[in-house]
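Colleague: Quick one: structure below, then a few questions.
The values are calculated or read from the model by the stated rules, or taken from the named source; none is laboratory data. All figures in this text were calculated on a predicted structure; none of them were measured in a lab. A quick note on method: Cβ atoms are made from the backbone with ideal geometry, for glycine too, and the neighbour counts reach across all protein chains shown. Remember, those area values only see protein heavy atoms, side chains included, never the ligands or the DNA or RNA. Shrake-Rupley method; radii C 1.70, N 1.55, O 1.52, S 1.80 Å.
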Amino acid sequence: MSLVPVDDALARLLGDAMPLPAETIPLAEAYDRVLAEPLVALRTQPPFDASAMDGYAARGADVAAAAGRLTVIGQAPAGRGFTGTVGPGETVRIFTGAPLPAGADTVVIQENVRNLGDGKVELLEPTAEGRNVRRKGLDFESGNVLLDKGRLLDAAALSLAASANHPTVAVVRRPLVAIIATGDELLPPGSVLGSGQIISSNAYGVAAAAQAVGARALDLGIAADRKDAIAALVRHAVDAGADIIVTLGGASVGDHDLVHDVLTGEGMTLDFWKLAMRPGKPLLFGRMGAIRCIGLPGNPVASLVCSQLFLKPLLARLGGRLFRQDMREVKLASNMPANDRRQDYVRAVVEERAGALIATPLGIQDSSMLRTLADANGLIVRPPFAAAAIAGEPCQVLMLR
């Protein structure tokens, strides 16, 4: 099987991916979720002409000039209002948010009024007619579309939905990713290692990548290098309702690389296997009915680079989110050799120097070295058959943070 170019693989991976069906959830649980349908106002806001300030509600004709005196005929506190009518020469003490009394069209702020006692106040400055009043429907009216389908529900959107009287919202269901690590040599963090054993680390990074784009991650643990052990966890993932099954390791061509056979035995139709990229060549993708299967490489750096390039865009698409890789053109800090037929993703540190972004490739690029990935904040993208590059030349960098 020939190596699949990265761009072709991504196009096939995303293919028919569409947002998952909607679910209705309480507004209090909707932060960072994606609206599955437009949100329409169920009420008008404000529902009446309201005072925007603490002060005195009066007729504009009575407050257009200073030095006038008005008779206070009552109060309009927020939540109750004043039931009478304001006539010529009269005013009502009013508070922010209270309904404007009948007959009044203007609010004089309290700083511009002197209380004379005996129910009289004096105006210190003129107030233009209509000032300090929030008209009915100023923010929105019942039936207005307030938020579009696909809107990510942030703090402002949630407050608006609440103001529009929505106790619940319809959102795109969050994709569920079931993660299966494979390998006899793997033990969970905190274990006492025996001869030839290592700590299983990939699942934590892959789960974090999934959660970064709003997905749910289900870590099903470590399967031994036996077909029955791997198959048991694959079936567990299916029973759990996984939208994507991600396997870690076992996707190459060694005697203990069993993932391909197990997945096909469980009903997966293979789409592609082995990419023209480094790190990450043995990535596998297929479909098991509605479930998408991604076999990530066992090497930790390859696993996380492939998660960034393939898993995150797919999960974002299923979750109804916009996702764009942060690609930037920067300058190389050092020479780089010509490339072969695979697209390279070279760990690098990108920093600003003299007003320009400079990318410095890190030393050893072995795909087992997580520390260099943690130190890097970008990946220099070297296309297949790229010519040797000289320090100072521009290059494309995929920013990681």
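Colleague: Looking only at the stretch 81-101, count every residue that is part of a strand (DSSP E or B) and surrounded by 14 or more Cβ atoms within 10 Å (Cβ to Cβ) and tell me the total.
Modeller: Filtering the stretch 81-101 down to residues part of a strand (DSSP E or B) leaves 85, 90-94, 99.
Imposing the further condition that a residue be surrounded by 14 or more Cβ atoms within 10 Å (Cβ to Cβ) reduces the set to 90-94, 99.
Of the residues in that region, 6 qualify.
Colleague: Still on this model: Looking at this structure, is residue 111 farther than 30 Å from residue 214 by Cα, touching a Gly at 6+ places or on another chain (Cβ under 6 Å), of a type in the set (D, E, K, R) and surrounded by fewer than 16 Cβ atoms within 10 Å (Cβ to Cβ)? Spell out the reasoning first.
Modeller: Details: farther than 30 Å from residue 214 by Cα: yes; touching a Gly at 6+ places or on another chain (Cβ under 6 Å): no; of a type in the set (D, E, K, R): yes; surrounded by fewer than 16 Cβ atoms within 10 Å (Cβ to Cβ): yes.
Here the answer is no, as residue 111 does not meet what is asked.
Colleague: Across the stretch 222-254, what is the number of residues that are among the small types (Gly, Ala, Ser) and surrounded by fewer than 23 Cβ atoms within 10 Å (Cβ to Cβ)? Working first, answer last.
Modeller: Our first condition is that a residue be among the small types (Gly, Ala, Ser); within the stretch 222-254, this holds for 223-224, 229, 231-232, 237, 240-242, 249-252, 254.
If we keep only those that are surrounded by fewer than 23 Cβ atoms within 10 Å (Cβ to Cβ) as well, we get 224, 229, 231-232, 240-241, 252, 254.
Residues in the stretch 222-254 being among the small types (Gly, Ala, Ser) and surrounded by fewer than 23 Cβ atoms within 10 Å (Cβ to Cβ): 8 in total.
Colleague: I've got another one for you. Considering only the stretch 257-285, state which residues are closer than 11 Å to residue 246 by Cα and in a strand (DSSP E or B).
Modeller: Of everything in the stretch 257-285, those that are closer than 11 Å to residue 246 by Cα and in a strand (DSSP E or B) turn out to be 284, 285.
Colleague: Run down 332, 322 and say which single residue is of a type outside the set (D, E, K, R) and more than 30 Å from residue 14 (Cβ to Cβ). If you could, list the steps in order and put the result at the bottom.
Modeller: Working: 322 fails: more than 30 Å from residue 14 (Cβ to Cβ).
None of the others qualify; the one that does is 332.
Colleague: When you scan the stretch 352-368, how many residues do you find that are open to solvent by 70 Å² or more (accessible area, probe 1.4 Å) and of a type in the set (Val, Ile, Thr)?
Modeller: Result for the stretch 352-368: 1.
Okay, residues lined up against (1) among the β-branched types (Val, Ile, Thr); (2) farther than 30 Å from residue 169 by Cα:
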residue: 40; (1), (2): yes, no
residue: 57; (1), (2): no, yes
residue: 66; (1), (2): no, yes
residue: 79; (1), (2): no, no
residue: 89; (1), (2): no, yes
residue: 94; (1), (2): yes, yes
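Colleague: Any idea how many residues of the stretch 181-216 are open to solvent by less than 60 Å² (accessible area, probe 1.4 Å) and either under 23 Å from residue 240 (Cβ atoms) or touching a Cys at 6+ places or on another chain (Cβ under 6 Å) (or both)?
Modeller: Residues in the stretch 181-216 being open to solvent by less than 60 Å² (accessible area, probe 1.4 Å) and either under 23 Å from residue 240 (Cβ atoms) or touching a Cys at 6+ places or on another chain (Cβ under 6 Å) (or both): 17 in total.
Colleague: Can you confirm whether residue 219 is over 30 Å from residue 298 (Cα atoms), touching a residue at least 12 places away in the same chain (Cβ under 8 Å) and open to solvent by 40 Å² or more (accessible area, probe 1.4 Å)?
Modeller: On the way: over 30 Å from residue 298 (Cα atoms): no; touching a residue at least 12 places away in the same chain (Cβ under 8 Å): yes; open to solvent by 40 Å² or more (accessible area, probe 1.4 Å): yes.
When the stated conditions are applied, residue 219 does not pass them.
Colleague: Do the conditions hold for residue 142, that is, is it open to solvent by 40 Å² or more (accessible area, probe 1.4 Å) and small (Gly, Ala, Ser)?
Modeller: Numbers: open to solvent by 40 Å² or more (accessible area, probe 1.4 Å): yes; small (Gly, Ala, Ser): yes.
Yes.
Colleague: Let me ask something else about it. Out of all the residues in the stretch 349-381, which are basic (Lys, Arg) and either part of a strand (DSSP E or B) or touching a residue at least 40 places away in the same chain (Cβ under 8 Å) (or both)? Walk me through how you get there before you give the answer.
Modeller: Initially, the stretch 349-381 is screened for residues basic (Lys, Arg), giving 353, 371.
Within the stretch 349-381, 353 is the sole residue that qualifies.
Colleague: Scan the stretch 116-130 and give yes if some residue there is without any contact (Cβ under 8 Å) to a residue 40 or more places away in the chain, more than 43 Å from the chain's Cα centre (by Cα) and over 25 Å from residue 48 (Cβ atoms), otherwise no. Quick ask: steps written out before the conclusion?
Modeller: Keep residues of the stretch 116-130 that are without any contact (Cβ under 8 Å) to a residue 40 or more places away in the chain, which gives 117-118.
Within this subset, residues satisfying the condition of being more than 43 Å from the chain's Cα centre (by Cα) are 117-118.
Checking the rest, the ones that are also over 25 Å from residue 48 (Cβ atoms) come to 117-118.
Yes; the residues of the stretch 116-130 include at least one that is without any contact (Cβ under 8 Å) to a residue 40 or more places away in the chain, more than 43 Å from the chain's Cα centre (by Cα) and over 25 Å from residue 48 (Cβ atoms).
Colleague: For a quick check of your reading of the model, give me the residue pairs whose first member lies in the stretch 9-26 and is touching a residue at least 60 places away in the same chain (Cβ under 8 Å) and more than 23 Å from residue 283 (Cβ to Cβ), whose second is part of a loop (DSSP other than H, G, I, E, B) and among the hydrophobic types (A, V, I, L, M, F, W, C), with beta-carbon atoms closer than 7 Å and at least 6 apart or on different chains.
Modeller: Matching pairs, first to second residue: 22/36.
Colleague: With respect to the numbered conditions (1) touching a strand residue (DSSP E or B) at 6+ places or on another chain (Cβ under 7 Å); (2) part of a loop (DSSP other than H, G, I, E, B), which one is the sole condition not fulfilled by residue 346?
Modeller: Failing condition for residue 346: (2).
Every residue, every condition in (1) at pLDDT below 95; (2) charged (D, E, K, R); (3) closer than 17 Å to residue 3 by Cβ, yes or no:
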position	(1), (2), (3)
253	yes, no, yes
287	no, yes, no
293	no, no, no
331	no, yes, no
346	no, no, no
349	no, no, no
360	no, no, no
363	yes, no, no
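Colleague: Restricting to the stretch 1-21, name every residue that is farther than 23 Å from residue 245 by Cβ and surrounded by 12 or more Cβ atoms within 10 Å (Cβ to Cβ).
Modeller: Initially, the stretch 1-21 is screened for residues farther than 23 Å from residue 245 by Cβ, giving 2-3, 5, 7.
Within the stretch 1-21, 3, 5 meet the criteria.
Here is a yes/no grid of residues against (1) touching a Leu at 6+ places or on another chain (Cβ under 9 Å); (2) of a type in the set (Phe, Trp, Tyr):
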{"site": "310", "(1), (2)": "yes, yes"}
{"site": "323", "(1), (2)": "yes, yes"}
{"site": "333", "(1), (2)": "no, no"}
{"site": "336", "(1), (2)": "no, no"}
{"site": "345", "(1), (2)": "yes, yes"}
{"site": "349", "(1), (2)": "yes, no"}
{"site": "354", "(1), (2)": "no, no"}
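Colleague: Taking the stretch 59-80 on its own, how many of its residues are in contact (Cβ under 8 Å) with a residue 60 or more places away in the chain and either open to solvent by 20 Å² or more (accessible area, probe 1.4 Å) or touching a helix residue (DSSP H, G or I) at 6+ places or on another chain (Cβ under 7 Å) (or both)?
Modeller: Taking the stretch 59-80 and keeping what is in contact (Cβ under 8 Å) with a residue 60 or more places away in the chain, we get 60-61, 63-66.
Now drop any that are not either open to solvent by 20 Å² or more (accessible area, probe 1.4 Å) or touching a helix residue (DSSP H, G or I) at 6+ places or on another chain (Cβ under 7 Å) (or both), which leaves 61, 64-66.
Final tally of qualifying residues: 4.
Colleague: Select from the stretch 327-351 the residues that are of a type in the set (D, E, K, R) and within 22 Å of residue 367 (Cβ to Cβ) and write down the one among them that is least open to solvent (accessible area, probe 1.4 Å).
Modeller: Looking at the filtered set, the residue picked out is 347.
Colleague: Separate question: Output the number of residues of the stretch 262-315 satisfying the condition of being closer than 11 Å to residue 209 by Cβ and of a type in the set (Gly, Ala, Ser).
Modeller: Result for the stretch 262-315: 2.
Colleague: Restricting to the stretch 22-51, count the residues that are open to solvent by 20 Å² or more (accessible area, probe 1.4 Å), touching a Lys or Arg at 6+ places or on another chain (Cβ under 6 Å) and assigned to a loop (DSSP other than H, G, I, E, B).
Modeller: Total meeting the criteria: 4.
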